[in-house]
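The structure appears below as structure tokens.
Just so it is clear, none of the values below were taken in a lab; they were calculated from the coordinates. Keep in mind that this is a model prediction, so the values were computed, not measured. Neighbour counts run over all protein chains shown; Cβ positions are idealised from the backbone, glycine included.
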Amino acid sequence: MPQQVQGVVAPGKNEPVRVETIVIPDPGPGEAVVKIQACGVCHTDLHYKQGGINDEFPFLLGHEAAGVVESVGEGVTDVAPGDFVVLNWRAVCGACRACLRGRPWYCFDTHNARQKMTLLDGTELSPALGIGAFAEKTLVAAGQCTKVDPAVAPSVAGLLGCGVMAGIGAAINTGGVGRGDSVAVIGCGGVGDAAIVGARLAGAARIIAVDIDDRKLETARGMGATHTVNSRNTDAVEAIRELTGGFGADVVIEAVGRPETYQQAFYARDLAGTVVLVGVPTPEMKLELPLLDVFGRGGALKSSWYGDCLPSRDFPMLIDLHQQGRIDLAAFVTETIGLGDVEKAFARMHEGDVLRSVVVL
């Protein structure tokens, strides 16, 4: 029987979000209803609110979440009611050309729930990244549920659903950071700091954090940065080169998603180095680089989709590392809030006051 729950809806472009009653249908084949326990406030949710993803309003926001499976539909065998799960927005299909070639993290046919959640008047909602987890419960494809150890706090586990996984994966999976490498991370929000954590885990010898906010640079040091550069006052490219013997970094991770910071990343890497774009640009942004420079510098220019992660492999592994004390996921949580505080959390995010606000239900 359909359920009515409270959720945070973005009704239109740049309009304030509001808490609405939403209708959750019973799970159909391949679907699951999850009782949400915690959901991080990610910059991508703000992009949705601003119309930077698409214009399919109204949106049910929230996607960086953990909770407990309440019910499952026909044919679901990987999860069962009572399982503690982290939600992921790239449920692999197992049958596309990437999956069949043994590269499921590049799956070209990821899927979401087929049924729609709605407002009370029947208006269909577009769930952010196919999840919609700023809600007491949500409907997802069962493949979007990844079981992890229930001993971990939901406010911590949920962070793997987007930002922390994107950053750590950008360093380890996409960037291929290795022992002794030099790494620069441009943009030290939640994703950038997670990239710093990933670079440290991979054994990087020098990790250079770049931002325009000294508060964020101080936090980045606590995450493992060995050097910091305030690019408001200093030329970031020259500073990174100076800190790497005049050569540039082996791997530069751009965690802002803007053309100007991407150009910094491009010119701050060593010859044959790697640039990883993990910051999310908006549709109107354009990039212009001299093609001769692209050719002459060699190396690789990569985009990182969700940290090129495979949730079934990477989420449990990172939870284990957290439980071993090798990464401190709790350090990413600046504050816990309620559903009614999301609009204020967006404002705090814009001002750079938080690393992560986490809605706890």
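Could you run the Karplus curve 6.51 cos²θ - 1.76 cosθ + 1.60 with θ = phi - 60° over segment 157-169 and give me ³J(HN,Hα) per residue in whole Hz, x for Gly and Pro?
With coefficients 6.51, -1.76 and 1.60, one gets 4, x, 4, 5, x, 8, x, 5, 5, 4, x, 4, x Hz.
Longer than 28 Å from Cα to Cα, which of K286/K344; K302/K344; K216/K344; K35/K344; K137/K302; K116/K302 are they? Say none if no pair is.
Working: K286/K344 31 Å; K302/K344 34 Å; K216/K344 20 Å; K35/K344 24 Å; K137/K302 36 Å; K116/K302 34 Å.
Listed pairs above 28 Å: K286/K344; K302/K344; K137/K302; K116/K302.
Express the Stokes-Einstein translational diffusion coefficient of segment 285-346 in µm² s⁻¹, to the nearest whole number, given a Kirkwood radius over alpha-carbon pairs, 37 °C and a viscosity of 0.692 mPa s.
200
Return the single residue from A195, A153, A225 with maximal mean-square fluctuation; model: Gaussian network over the chain, springs between Cα atoms under 10 Å.
Per the Cα network of the chain with a 10 Å cutoff, A153 tops the list.
Give the distance, in whole Å, between the Cα centre of segment 329-361 and the Cα centre of segment 234-281.
So the separation of the two Cα centres works out to 29 Å.
Got the relative contact order for the chain handy, in percent, Cα pairs under 8 Å and 6 or more residues apart?
17
Using only the Cα atoms of segment 105-169, what do you get for the radius of gyration and for Dmax, in Å?
13.8, 41
So for the pair H350, Q324, with labels modelled 7 Å out along Cα→Cβ, what separation do we get in nm?
With each label placed 7 Å out from Cα toward Cβ, I get 4.2 nm.
What is the antiparallel percent of DSSP beta bridges lying wholly in the chain, to the nearest 5?
Rounded to the nearest five, the antiparallel share is 55 percent.
Can you pull a Stokes-Einstein diffusion coefficient for segment 241-335 at 37 °C (0.692 mPa s), Rh from Kirkwood over Cα pairs, as a whole number of µm²/s?
This corresponds to a translational diffusion coefficient of 211 µm²/s.
At 15 angstrom or more along the helix axis (alpha-carbon based) and mean Kyte-Doolittle of -1.0 or higher, what helices does the chain contain? Whole DSSP H runs only.
Working: long enough: 190-202 (18 Å, 1.13); 311-323 (17 Å, -0.42).
In the chain, the long hydrophobic H runs are 190-202, 311-323.
Local charge sum around G175 (other residues, Cβ-Cβ under 12 Å, Lys/Arg +1, Asp/Glu -1)? Could the numbers behind the result be given before it?
Working: positive: R269, K302; negative: D181, D250, E254, D308.
Cβ neighbours under 12 Å give a net charge of -2.
Divide the volume of the convex hull of the Cα atoms of the chain by its number of residues and quote the answer in cubic angstrom per residue. Before the final figure, lay out the partial values.
Numbers: hull volume 46.5 nm³, N = 361.
Measuring per residue, one finds 129 Å³ for the Cα hull of the chain.
Please give me the summed charge of the neighbours of G12: other residues whose Cβ is under 10 Å from its Cβ, Lys and Arg +1, Asp and Glu -1. Intermediate results must be reported in sequence, preceding the final value.
Values: positive: K13, K49; negative: E15, D55.
Summing Lys/Arg as +1 and Asp/Glu as -1 gives 0.
Run through segment 52-157 and list the chymotrypsin sites (Phe, Trp or Tyr not before Pro) located in a DSSP loop whose Cβ has at most 12 other Cβ atoms within 10 Å.
Within segment 52-157, the qualifying chymotrypsin sites (Phe, Trp or Tyr not before Pro) (loop, at most 12 other Cβ atoms within 10 Å) are F108.
Once the mean 1/r over all distinct Cα pairs of segment 92-212 is inverted, what Kirkwood radius in angstroms do you read off? Don't skip to the answer; put the middle values down first.
Values: mean 1/r = 0.0591 Å⁻¹.
When all Cα pairs of segment 92-212 are included, the Kirkwood radius is 16.9 Å.
What residue among A133, A166, A204 shows peak mean-square fluctuation when the chain is described by a Gaussian network model with Cα springs under 10 Å?
Comparing A133, A166, A204 in the GNM, the peak value goes to A204.
Taking only C-alpha pairs under 8 Å that are 6+ residues apart, what is the relative contact order of segment 81-140 in percent?
Values: 61 pairs, mean separation 15.2, N = 60.
This gives 25 percent for segment 81-140.
Report the label-to-label distance for T123 and Q3 in nanometres (one decimal), using points 7 Å from each Cα along the Cα→Cβ vector.
According to this spin-label approximation, the distance is 2.4 nm.
Mean projection of the alpha-carbon convex hull of segment 13-112 over all orientations, in nm²? Provide the component values of the computation, followed by the final result.
Values: hull surface 30.8 nm².
Convex hull of Cα atoms, orientation-averaged projection: 7.7 nm².
Excluding C42 itself, calculate the net charge of residues whose Cβ lies under 11 Å from the Cβ of C42, where each Lys or Arg counts +1 and each Asp or Glu counts -1. Intermediate values should be presented prior to the final figure.
Numbers: positive: R356; negative: D45, E64.
Combined, the nearby Lys, Arg, Asp and Glu give -1.
Hey, rough spin-label estimate for Q263 and T336, points 7 angstrom out along Cα→Cβ, what's it come to in nanometres?
Output for this residue pair reads 4.5 nm.
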